[in-house]
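> Got a structure for you, questions after.
Values in this text are rule-based calculations from the coordinates and carry no lab data. These numbers come from a predicted model, not from an experiment. Heads up, the Cβs are rebuilt from the backbone with ideal geometry, glycines too, and the neighbour counts pull from every protein chain shown.
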Amino acid sequence: MSCIERLFWERGRGGVARLDDVQIQLPGHRQPDLVLPMPVLSLIDYSPADRCAQLQPEHGGRRDMDGAERTACAAFLHRICDVPTLDAEA
């Protein structure tokens, strides 16, 4: 089963977390908690269907996410949208 995953967040402006039909607005004043040690970020742009997975640290340019960061984004979406992950269903 294919699902829609989208996480876009920008410091000061906010963003959106979307997993299938669940969409949640994210405030711009608080960085999403990806449960990984992260620098202060200015931007998170995660959309696997569009082959986009990038972060922008507050003091640096945009960069591609590593595997752990992509996994953390997917887990964040499942957690915030309250949808069980495949691991939880096993």
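> Which FRET efficiency, nearest 0.05, do residue 66 and residue 25 yield, Cβ-Cβ r, R0 30 Å?
It comes to 0.65.
> Starting from the 7 Å offset along Cα-to-Cβ, what nm value, one decimal, do you get for the label separation of residue 82 and residue 38?
2.2
> For the chain, take the longest principal axis of its alpha carbons; what is the angle in degrees between that and the long axis of helix 67-80, to the nearest 10 within 0 to 90?
70
> What value, in deg cm²/dmol to 500, does the helix sum -39500 (n - 2.57) over DSSP H runs of n ≥ 4 give at 222 nm once divided by the residues of the chain?
Here the helix-only value at 222 nm equals -5500 deg cm²/dmol.
> Given N residues in the chain, what is Rg(Cα) / (2.2 N^0.38 Å)?
Ratio of Rg to 2.2 N^0.38 Å for the chain: 1.03.
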